[in-house]
Amino acid sequence: MARLLLPMPGNEAMANAIAARTGDAVGVLEHRRFPDNESYVRVLTDVKGREVELIATLANPDEKLVGLCLAADAARGAGAARVRLIAPYLPYLRQDARFNQGEALAAQTFASLVSSVFDGLITVDPHLHRIKRLGDVYAIPSAALTASDEIGAWIGKRVATPLIVGPDEESLQWAERVAAAAGAPYTTLRKTRLGDREVRLEAVGDLKQSLGRQPVLVDDIVSSGTTLSSAARFLRAAGFAKPHCVVVHAVFAEGALRRLEAETASVASTDTILHPTNEISVAGVLAAGMGGG
Ligand code: R5P
């Protein structure tokens, strides 16, 4: 059955990069706002009987969610045989528990909404921490791909004698695999979050034995930049050179990149979210994860 990649606005480059690998056609979707700011969505390519892969990275999800749901409906209404969400960045996974009385279960609620309009989901390095598998909250077939091998290979080519450092214990899953691909040792720090923009860090293992290596901080997400900036200061205080930083998802809140650049030797990211720091493409990871052509 012919497949069609359908990019939401802003996802055309990723759709084309995937198509260059899979040979799939890339369709066109019209998305505009009515004067009252509601979304208007129309599929302009014939999707009848086709498997539609809707390409939509979901940073700033609140402003994208309605258009996304309408796009799924538009494709289905026009006769698509299957409508799958390809989200290089999948949001709303960090508020995965009710940490305080009265809080919303954001991860579960967002997953329910997405599951109600799509037939499947593919993403890259979702923030799975207390939720162990996407299938624990998503009711549709889902796949969590990883860019760790690409990141590790990228580091391996550019940094001599690296030490891969995950800034917190949940980053172990990325640090371990990135380090293997880079052929480098790794460690993690322990993070206690004191607020949206305040964290406390401590070493988990013995950092002294790695002094002299070039630290490379690796994390899945940078948002306010607090975690990585604090980790960079922590490593400097422990006697290391300014670290390089490599993240999968360059969410970057206002001013975060400037603050992080002041504390680090360099900042790089994958292109799951379009950002000036993008250095590593996940198009190949997605193309392979989507199952070829
Ligand atoms: C959560 O633990 C994630 O892995 C990141 O470390 C965190 O979301 C980064 O957020 P921020 O840049 O605001 O510290």
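The values are calculated or read from the model by the stated rules, or taken from the named source; none is laboratory data. Computed from a predicted structure; not experimentally measured. Virtual Cβ from ideal backbone geometry, glycine too; neighbours counted across all protein chains shown. In case anyone asks, the SASA skips ligands and DNA or RNA and just uses the protein heavy atoms, side chains included. Shrake-Rupley method; radii C 1.70, N 1.55, O 1.52, S 1.80 Å.
A few remarks follow.
- Within the range 38-82, being more than 28 Å from PHE252 (Cβ to Cβ), surrounded by fewer than 23 Cβ atoms within 10 Å (Cβ to Cβ) and among the β-branched types (Val, Ile, Thr) holds for one residue alone: THR45.
- Only one of the numbered conditions (1) open to solvent by 50 Å² or more (accessible area, probe 1.4 Å); (2) closer than 23 Å to ALA175 by Cβ; (3) in contact with a Phe, Trp or Tyr (Cβ under 7 Å, 6 or more places away or on another chain) is not met by ARG94, and that is (3).
- Neighbours by Cβ (under 8 Å, 6+ apart or cross-chain): first from the range 23-35, under 21 Å from ALA288 (Cβ atoms); second among the small types (Gly, Ala, Ser): GLY23/GLY293; ASP24/GLY293; ALA25/ALA2; ALA25/ALA19; VAL26/ALA15; VAL26/ALA19
- Some residue of the range 143-161 being assigned by TED's automatic domain parsing to the domain that holds ASP96, under 23 Å from LEU90 (Cα atoms), in a loop (DSSP other than H, G, I, E, B) and away from the ligand (no atom under 15 Å from the Cβ): no
- Being under 26 Å from THR123 (Cβ atoms), open to solvent by 10 Å² or more (accessible area, probe 1.4 Å), within 13 Å of the ligand (Cβ to nearest atom) and touching a strand residue (DSSP E or B) at 6+ places or on another chain (Cβ under 8 Å) is a property that does not hold for THR192.
- Scanning the range 1-27 for residues that are in a loop (DSSP other than H, G, I, E, B) and open to solvent by less than 80 Å² (accessible area, probe 1.4 Å) yields ALA2, MET8, PRO9, GLY10, ASN11, GLY23, ASP24, GLY27.
- Selection over the range 230-263 of residues that are open to solvent by less than 10 Å² (accessible area, probe 1.4 Å) and not hydrophobic (A, V, I, L, M, F, W, C) gives a count of 2.
- Of the residues in the range 213-220, at least one is open to solvent by 50 Å² or more (accessible area, probe 1.4 Å) and in the same structural domain as SER266 (by TED's automatic domain parsing).
- Taken together, ALA81, ALA87 contain a single residue that is out of contact with any Leu (no Cβ under 8 Å at 6 or more places or on another chain) and farther than 25 Å from GLU169 by Cβ, which is ALA81.
- The set of residues in the range 116-132 that are away from the ligand (no atom under 16 Å from the Cβ) and either open to solvent by less than 20 Å² (accessible area, probe 1.4 Å) or not in a helix (DSSP H, G or I) (or both) comprises PHE118, ASP119, GLY120, LEU121, ILE122.
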